[in-house]
Amino acid sequence: MESLRFASLSKPSLLTIGGSDRSRDRFKKVCFATGKLSGGGAWNILNKYLDVRSQQHLLRHHIGRFEERTTFYKRIAKKCLVNAASGHPLESEPGAYKPKSIGDSFKNALDAFYRFSRPHTVIGTALSIISVSLLAVEKQSDISPLFFTGVLEAVVAALFMNIYIVGLNQLTDIDIDKVNKPYLPLASGEYSIGTGVMIVISFSILSFWLGWIVGSWPLFWALFISFLLGTAYSINLPLFRWKRFAVVAAMCILAVRAVIVQLAFFLHMQTHVYKRPIVFSWPLIFATAFMSFFSVVIALFKDIPDIDGDKIYGIRSFSVRLGQSRVFWICIALLEIAYGVALSVGVAACCSWSKLITVSGHAILATILWNRAKTVDLKSKAAITSFYMFIWKLFYVEYLLIPFVR
């Protein structure tokens, strides 16, 4: 009876999962200290107790492993559901189980460089050089391999310099871009400062090297002046970082986009490629004047969506000083004036096909601009940024119309 009573009292402890060695020793002492368990009975009970505890320990181990696997599969299922909701295939992420493939790494590197190069400026530079080069064409035979070679030399050298300028601007604006443009590689951390410096230096050297071996002085001076103005605009040194001053910043952009691009690259084709004397034609004068308006608009408008970061870091842009809404409508007014002047030029054109294209083209662009401007939500940074990209598209289209101005 005493042994039964002892067994019944100790039964609850047998159900406790995860006993320790200390509890086993304590149990032995209790068993022999009572003196009620004699002979083999004590050992039988003790062995059964230890067997049960061992089985319970194994059971706890398997339960733990089961819970870990359950959690793991739940995590996979959750990722699959997230992928399904976002339109991605119902597959686990490859990066969670194996390193990224060479193709993925190359694609990511290409995407980062694409964003670093600021593609809207690259497209604008290429189109402007091609358009201005066409103004040097006087007869059908001028469209020859010599023409395409001259254009290619100018475009490649200018794009190298373009990447230097926008890259240097990002290097000196990392903290500002973390607020205004966190998707840029330096601001997001995809590129280290060392990587950015290497890219900027490499492309500036390549640009000057190509300009030198081509042997075109208009091309070389266009690259050199762009280098000086782009550096002074961004670099944070005494007497420089001209982007802090709204008027000076606008003048830098106007000088590069409106004057250097038009005149220097036209002279590259006129004097270096075609070996003709310097002549400033009426279409070239129109292109320079019109793009002066457009360059001022780009210089003003680019700061409208960046007003938050500019305020924090003391960039006194026109948007900071006058307000986003006022600068926005000043830009629209300037563009509409430019389109009005273009319509007048088109009406006065001597060629009927030039008159038709110039008048109709600019009238359509002016109408589209006005209708689009009225729908912009000036309280939305996304809407303002989208409209800024729309202005760049108008910039591209204008360079498609300029060669038809005769």
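Of everything in segment 300-319 that is surrounded by 23 or more Cβ atoms within 10 Å (Cβ to Cβ) and either of a type in the set (Lys, Arg) or more than 21 Å from the chain's Cα centre (by Cα) (or both), the residue that is nearest to residue 244 (Cα to Cα) is 317. Yes or no: residue 226 closer than 22 Å to residue 113 by Cα and without any contact (Cβ under 8 Å) to a residue 60 or more places away in the chain? Spelling it out, it is not the case that residue 226 is closer than 22 Å to residue 113 by Cα and without any contact (Cβ under 8 Å) to a residue 60 or more places away in the chain.
Take the residues in segment 129-166 that are hydroxyl-bearing (Ser, Thr, Tyr) and assigned to a helix (DSSP H, G or I), then tell me which one is farthest from residue 287 (Cα to Cα). Ranking the candidates gives 164 first.
Filtering segment 255-273 to residues that are within 25 Å of the chain's Cα centre (by Cα) and either of a type in the set (Lys, Arg) or at pLDDT below 90 (or both) leaves only 257. Among the residues of segment 213-235, just one is in contact with an Asp or Glu (Cβ under 9 Å, 6 or more places away or on another chain) and closer than 21 Å to residue 246 by Cβ, namely 234. Applying a threshold of 7 Å to beta carbon distances and a minimum spacing of six or more residues, or different chains, the list of pairs starting in segment 297-322 at a residue that is closer than 18 Å to residue 338 by Cβ and small (Gly, Ala, Ser) and ending at one that is modelled with pLDDT under 85 and part of a loop (DSSP other than H, G, I, E, B) is empty. Can residue 187 be described as of a type in the set (A, V, I, L, M) and under 30 Å from residue 314 (Cβ atoms)? In short, yes.
For every residue, the table says whether it meets (1) of a type outside the set (A, V, I, L, M, F, W, C); (2) in contact with a Lys or Arg (Cβ under 7 Å, 6 or more places away or on another chain); (3) at pLDDT below 90.
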site: 289; (1), (2), (3): no, no, no
site: 294; (1), (2), (3): no, no, no
site: 303; (1), (2), (3): yes, no, yes
site: 313; (1), (2), (3): yes, no, yes
site: 332; (1), (2), (3): no, no, no
site: 339; (1), (2), (3): yes, no, no
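The values are calculated or read from the model by the stated rules, or taken from the named source; none is laboratory data. Everything quoted here is computed from the prediction, not taken from an experiment. Please note: Cβ atoms are built from the backbone with ideal geometry, for glycine as well, and neighbour counts cover all protein chains shown.
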